[in-house]
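What follows is a single structure, written as structure tokens, with notes after it.
The values are calculated or read from the model by the stated rules, or taken from the named source; none is laboratory data. Here the structure is a predicted model, which means the values were calculated and not measured. Note that we place each Cβ from the backbone using ideal geometry, even for glycine, and neighbour counts take in every protein chain shown. Please note that ligands, DNA and RNA were not included when accessible areas were found on the heavy atoms of the full protein model with its side chains. Shrake-Rupley method; radii C 1.70, N 1.55, O 1.52, S 1.80 Å.
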Amino acid sequence: MPLKRKDLLGIEPLSVEEINLILDTAKAFKEVSTRDIKKVPTLRGKTLINLFFEPSTRTRTSFEIAGKRLSADILNISASTSSVVKGETLIDTARNLEAMYPDIIIIRHSRAGAPHLLANICRASVINAGDGAHEHPTQALLDAFTIKENKGQIKGLKVAIIGDILHSRVARSNIHLLTKLGAEVSIAGPATYIPVEIEKLGVKVYHHIDAALEGRDVVMILRIQRERQDKSYFPSLREYFNLFGLTLERLKRAKKDVIIMHPGPLNRGVEISSEVADSPYSVILEQVTNGVAVRMAVLYLLMGGKYEEVVS
Amino acid sequence: MPFREKVQLMDAVTMDRTLIRIAHEIIERNKGVQDLVIIGIRTRGVPLARRIAKKIEEIEKVSIPMGILDITMYRDDLTAVGPQPIVRQTNIPFRITDKKVILIDDVLFTGRTIRSALDSIIDLGRPKFIQLAVLIDRGHRELPIRADYVGKNVPTSLEEVVEVNVVEEDGKDSVILMEED
């Protein structure tokens with residue numbers, strides 16, 4: 001079954017079959033990164049644009065490495081060095097880039113829906129690399145890939161997502177993906193960080209970390225996104241750590257073979273203690289490694305499906 | 001486009017005899033099995049490679065490293081033949097530099113699969129040489145590629161299809177020439 005999509009804008013519209021296709025394809029691409037010559041000619045002659053309106057190290061680098069290992073030409077545009085600072089609109093920027101015939105545009109933007117806007121006006125495939133607090137599909141896919149590698153399958157697993165759910169696109173994409181694949185997902189955080197009616201996405205809400213950790217197979221810790229917050233959601237960082245920070249002591253409530261995940265960047269001593277971040281339970285760096293494989297798979301599948309789109 | 005059987009080219013017995021002959025030819029041509037490795041191209045090259053490796057092992061009493069090659073990432077028709085092919089894993093658990101690589105596939109046709117396989121192998125290291133063994137050579141090459149070991153040469157028309165069945169994938173061993181119904 002091919003991926004019959006021009007764009008990857010979110011996890012919500014994907015079927016279970018499409019998700020599994022991406023995860024299976026990523027397995028094959030993971031091997032490429034272990035070779036002496038880490039390059040295959042699959043996307044030779046394709047042009048990829050990394051269009052980032054928000055800061056990023058991991059995601060931008062990961063897409064760049066994924067593109068380069070597939071022999072695509074990839075260029076990076078960040079808002080601070082582009083015409084955006086001269087007042088150009090997103091639509092005008094997109095139309096100008098499109099005029100140079102790129103094949104894929106990877107966009108990160110602070111506004112939810114910006115990638116969808118681009119997808120509607122561009123011939124190129126658009127990949128959402130994070131739009132506001134909406135979705136970050138490749139992060140959820142690499143998280144699922146990492147869980148499958150460690151646990152075999154996702155169905156039936158108990159997963160806790162802890163931290164700033166309100167501002168987190170990672171949380172939303174992961175909730176969509178994990179519930180589609182049959183995991184039991186619970187979330188926890190200060191009441192100010194729990195979006196209203198989040199239960200409608202099929203998750204259980206806890207306001208205390210200990211209850212959320214009880215018997216979990218997988219624990220995902222999210223960062224406090226201070227850059228998105230113009231008001232205070234909790235009294236102090238120290239208090240946050242005392243009430244919601246993940247420590248080895250608290251982790252005892254989870255299953256013995258629990259894995260700890262974090263999309264990065266880490267704020268050590270705020271949402272997670274250093275001893276947990278560096279413990280054998282942590283698969284945080286595996287997530288980064290798998291991110292390249294999953295993004296290679298997404299780039300491949302979006303490019304390969306092109307022709308059918310045109311003929312049908 | 002429906003196809004019907006025109007003629008059976010091989011059954012289980014003749015296929016086995018052919019693979020035995022190819023195994024002997026590989027040993028003879030290379031004056032033994034020093035540095036020899038066998039790589040099968042997915043999908044049906046893999047079981048054939050396993051069988052040939054096993055026959056060589058039985059004859060020479062040494063174990064032969066066996067690898068699996070998926071050439072999807074090296075295809076030259078990625079955006080020309082939708083829908084896109086599924087990428088499967090390449091698994092070559094040994095170093096191929098300075099090795100004598102015997103590449104194995106079921107049918108040699110245009111030569112494009114072999115071109116992809118050669119590029120793929122050379123990206124993994126620098127073998128001493130690469131030889132090609134195929135069960136069926138049906139002609140119609142589009143690239144200057146030939147096989148070193150051929151099970152059976154079968155002149156075909158472009159409208160015909162050569163169907164190779166192996167027990168491991170299809171539940172039976174046979175080679176059938178099909179034509180349009």
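Enumerate the calculated ³J(HN,Hα) couplings along segment B:38-49 in order (Karplus 6.51 cos²θ - 1.76 cosθ + 1.60, θ = phi - 60°), each rounded to whole Hz, writing x wherever the residue is Gly or Pro.
The phi angles translate into 10, 10, x, 8, 4, 9, 7, x, 5, x, 5, 4 Hz.
How many square angstrom of accessible surface are buried between B and A, both sides summed, with a 1.4 Å probe and rounding to 100? Present the calculation step by step, with values, prior to reporting the outcome.
Working: alone 9810 and 14020 Å², together 21880 Å².
The summed interface area works out to 1900 Å².
Which loop-located GluC sites (Glu not before Pro) does segment A:194-260 contain, where loop means any DSSP state but H, G, I, E or B and the Cβ has at most 10 other Cβ atoms within 10 Å?
Here the GluC sites (Glu not before Pro) that fit, given the DSSP loop and packing criteria, are A:Glu197.
Could you calculate the FRET efficiency of A:Arg111 with B:Phe3 from 1/(1 + (r/R0)^6), where r is the beta carbon distance between them and R0 is 35 Å, rounded to 0.05?
0.05
Based on the Cβ-Cβ distance from A:Ser82 to A:Arg123, what FRET efficiency comes out when R0 is 25 Å, to the nearest 0.05?
On the way: r = 21 Å, r/R0 = 0.83.
Taking R0 as 25 Å, the efficiency between A:Ser82 and A:Arg123 is 0.75.
So for chain B, taking the charge dipole from beta-carbon charges (+1 Lys/Arg, -1 Asp/Glu), which of B:Ile121, B:Gln34, B:Gly111 sits furthest toward the positive end?
B:Gln34
How far apart, in nanometres, would the label points at B:Arg21 and B:Gln89 be if each is projected 7 angstrom from Cα along the Cα-to-Cβ direction?
It is 3.7 nm.
What is the antiparallel percent of DSSP beta bridges lying wholly in segment B:47-174, to the nearest 5?
Numbers: 2 of 14 bridges.
Roughly 15 percent of the DSSP beta bridges within segment B:47-174 come out antiparallel.
Given labels modelled 7 Å from the Cα in the Cβ direction, how far is it in nm from B:Ser157 to A:Ser15?
3.9
Restricting to DSSP H runs of at least four residues, report the calculated mean residue ellipticity at 222 nm for chain A, -39500 (n - 2.57) per run over all residues, nearest 500 deg cm²/dmol. Spell out each step's value before the answer.
Values: 12 runs with 121 residues, N = 312.
Computed ellipticity for chain A at 222 nm equals -11500 deg cm²/dmol.
Apply 1/(1 + (r/R0)^6) to the Cβ-Cβ distance of A:Asp257 and A:Glu31, taking R0 = 25 Å, and write down the FRET efficiency to the nearest 0.05.
Numbers: r = 26 Å, r/R0 = 1.03.
So, using R0 = 25 Å, E works out to roughly 0.45.
Please state, to two decimals, what the Cα-based radius of gyration of chain B comes to when divided by 2.2 N^0.38 Å (N = residues).
Dividing the Cα radius of gyration by 2.2 N^0.38 Å gives 1.02.
Please give the Cα centre distance for segment A:176-206 versus segment B:22-80, rounded to the nearest Å.
After rounding, the separation between the Cα centres reads 51 Å.
Just the C-alpha atoms of chain A: what Rg/Rh do they give, with Rh taken as the Kirkwood radius?
Working: Rg = 19.3 Å, Rh = 20.0 Å.
With Rg and the Kirkwood Rh in hand, the quotient comes to 0.97.
Among DSSP bridges having both ends in the protein assembly as shown, what percentage is antiparallel? Round to the nearest 5. Let's see the in-between values first.
Values: 13 of 69 bridges.
Counting DSSP beta bridges with both partners in the protein assembly as shown, the antiparallel share is about 20 percent.
How far apart, in nm, are two points set 7 Å out from the Cα along the Cα-to-Cβ line at B:Glu58 and at B:Glu28?
Using points 7 Å along Cα→Cβ, the separation is 1.8 nm.
Multiplying the sequence separation of A:Glu249 and A:Lys39 by 0.36 nm and subtracting their Cα-Cα distance, what value in nm do you get?
Values: separation 210, 0.36 × 210 = 75.60 nm, distance 4.37 nm.
Between A:Glu249 and A:Lys39, full extension yields 71.2 nm more.
Would you list, by chain and number, the lysines whose Cα falls below 23 Å from the Cα of B:Lys99, excluding same-chain residues fewer than 8 positions away?
Hits, sequence-local ones excluded: A:Lys38, A:Lys39, B:Lys31, B:Lys54, B:Lys55, B:Lys61, B:Lys128.
State, to one decimal in nm², a quarter of the convex hull surface area for the C-alpha atoms of segment A:200-312, i.e. the direction-averaged projected area. Mind showing how you got there, number by number?
Numbers: hull surface 42.8 nm².
Average projection, Cα convex hull of segment A:200-312: 10.7 nm².
Within a Cβ distance under 14 Å of B:Arg50, other residues only, what is the Lys/Arg minus Asp/Glu net charge?
Values: positive: B:Arg42, B:Arg44, B:Arg51, B:Lys54, B:Lys55; negative: B:Asp16, B:Glu57, B:Glu58, B:Asp105, B:Asp106, B:Glu168, B:Glu169, B:Asp173.
Summing Lys and Arg as +1 and Asp and Glu as -1 gives -3.
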